[in-house]
Amino acid sequence: MSEVIQFDANPLAKKEEWIADKEAALDNAALIQVVDTKERAECSVGVQNTIRKLIKDLEKERLAVTRPIDAFKKTITDQEKELVADLKAEQARIKSLNDAFATQQAAELERKRIAQAEEDCRRQQEEMQRQMQAEEAFGPGAVIAQDEPETREYIPEKVKFAGGTVRKKWSFRAVRLEEIPRQFLILDEAKVRAHIKYCESMGVDPEIQGIRFEATMSVGGRA
């Protein structure tokens, strides 16, 4: 038997007491335009804590409403994943075979294009050489007999398969880090923040060569 989940379509909007507290908090927040004394700081921290509590309270109300829905959604999603797991495995396997073949075909087309370009260059050089020899023998402006044009093999620009789209996809790996331009080197922010956390646990200021650390104060609320 299917489970029926019933819920209010607009549950949070009916929290009249919370909404009244919210309006009062916004009125108090609007009065705070500058914090330049300890007394004003204590007042503004109090408003900050009130707003924080209001946000947390509404989050709890939202979770009370959405938790059953989220659990039901997870159940359906897990069922979907289980049902299509073997299909996705076969899809990935066949795609890998098709990708390998497409890559091979693309390499073959490129090889043919290069060979054709080299042949064209060779023919042009031969024609120029014969023209020079003709002018040496018969004088400037001598006309040489043109060869019969050969049928050129048509080489498509890219690999095409009926029913599929073939795109070039690049991958890369670093082989000589010292030669990579600086704009392509990204600072690992997670490692820097881990270093800061470690230094804080040791009671020392963080230092890393080439990085400037600046400390600012952040006021957090207390429950």
Filter result (under 30 Å from Ala30 (Cβ atoms) and either exposed (fewer than 11 other Cβ atoms within 10 Å of the Cβ) or without any contact (Cβ under 8 Å) to a residue 24 or more places away in the chain (or both)) within region 44-66 = Ser44, Gly46, Val47, Ile55, Lys56, Glu59, Lys60, Leu63
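Here's the yes/no breakdown for (1) in contact (Cβ under 8 Å) with a residue 12 or more places away in the chain; (2) part of a loop (DSSP other than H, G, I, E, B); (3) among the hydrophobic types (A, V, I, L, M, F, W, C):
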position	(1), (2), (3)
Lys169	no, yes, no
Phe172	no, yes, yes
Glu178	no, no, no
Gln183	no, no, no
Ile186	no, yes, yes
Val192	yes, no, yes
Lys197	no, no, no
Val204	no, yes, yes
Thr216	no, yes, no
When region 39-53 is checked residue by residue, the ones that are hydrophobic (A, V, I, L, M, F, W, C) and within 35 Å of the chain's Cα centre (by Cα) are Ile51
Pick from region 181-223, criterion acidic (Asp, Glu) and more than 23 Å from the chain's Cα centre (by Cα), ranking: farthest from Ile51 (Cα to Cα) = Glu207
Determine whether Ser2 is surrounded by 10 or more Cβ atoms within 10 Å (Cβ to Cβ) and at pLDDT below 95.
-> no
From the option list Ile94, Ile69, single residue qualifying as of a type in the set (Val, Ile, Thr), in a helix (DSSP H, G or I) and exposed (fewer than 11 other Cβ atoms within 10 Å of the Cβ) is Ile94
Pairs with Cβ under 6 Å, 6+ apart, first in region 92-106 and within 12 Å of Lys169 (Cβ to Cβ), second surrounded by 10 or more Cβ atoms within 10 Å (Cβ to Cβ) = Ala102/Val159; Ala102/Val166; Ala106/Val159
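The values are calculated or read from the model by the stated rules, or taken from the named source; none is laboratory data. As the structure is a computational prediction, the values presented were derived from the model and not from experiment. Positions of Cβ are generated from backbone atoms using ideal geometry, with glycine treated the same way; all protein chains shown enter the neighbour counts.
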